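Asker: Encoded as structure tokens, here's the structure I'll be asking about.
We did not get these values from a lab; they are worked out from the coordinates using the rules stated. Because the structure is predicted, anything quoted here is derived from the model rather than measured. Counting neighbours? That spans all protein chains shown, and the Cβs are built from the backbone with ideal geometry, glycine included.
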Amino acid sequence: MMRWKNLMRTGNMAGNWKEPEFDFSERSDRVTLKLEVGQVVYIPGAADIRNENTDQAELKSMSKEERILEYIRQNGNISTQKVMDLCNYKSRTSARNLLEKLIKSGKIEKVGENTNTIYTILE
């Protein structure tokens, strides 16, 4: 908790954040953090929530293999965890099996090992 308070104080100095409010009424583990936002400016190329929502809708209508390939085209690579998220897999094994299928079909390649493994489209 002390680390969190120090982080908030640092943020407060940099971004005019309000001090955290500690709610001890019913749940002692709840902390409410408020951030005052000034003028919001659109920055082209920055994360755009509007585009993410439409991209997600398009991805849902595709097959799992197509979703993975499209994600790699948009982002350059994909991890096993992201495949689990995109395809709603509960286990890493299912995601790895699908990735292995795409590797064997010559569509993607595995780069790295262990926790640093990513998958890219073969050129």
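Asker: Tally the residues that are without any contact (Cβ under 8 Å) to a residue 40 or more places away in the chain, of a type in the set (A, V, I, L, M, F, W, C) and either in contact with a Leu (Cβ under 9 Å, 6 or more places away or on another chain) or assigned to a helix (DSSP H, G or I) (or both), restricting the search to the stretch 98-123.
Answerer: Total satisfying the criteria: 4.
Asker: Any idea how many residues of the stretch 76-97 are within 15 Å of T117 (Cα to Cα) and either assigned to a helix (DSSP H, G or I) or in contact with a Lys or Arg (Cβ under 8 Å, 6 or more places away or on another chain) (or both)?
Answerer: 10
Asker: Can you pull out every residue in the stretch 66-86 that is surrounded by 16 or more Cβ atoms within 10 Å (Cβ to Cβ), free of Cβ contacts under 8 Å to residues at least 40 places away in the same chain and farther than 11 Å from I121 by Cα?
Answerer: R67, T80, K82, V83, M84, L86
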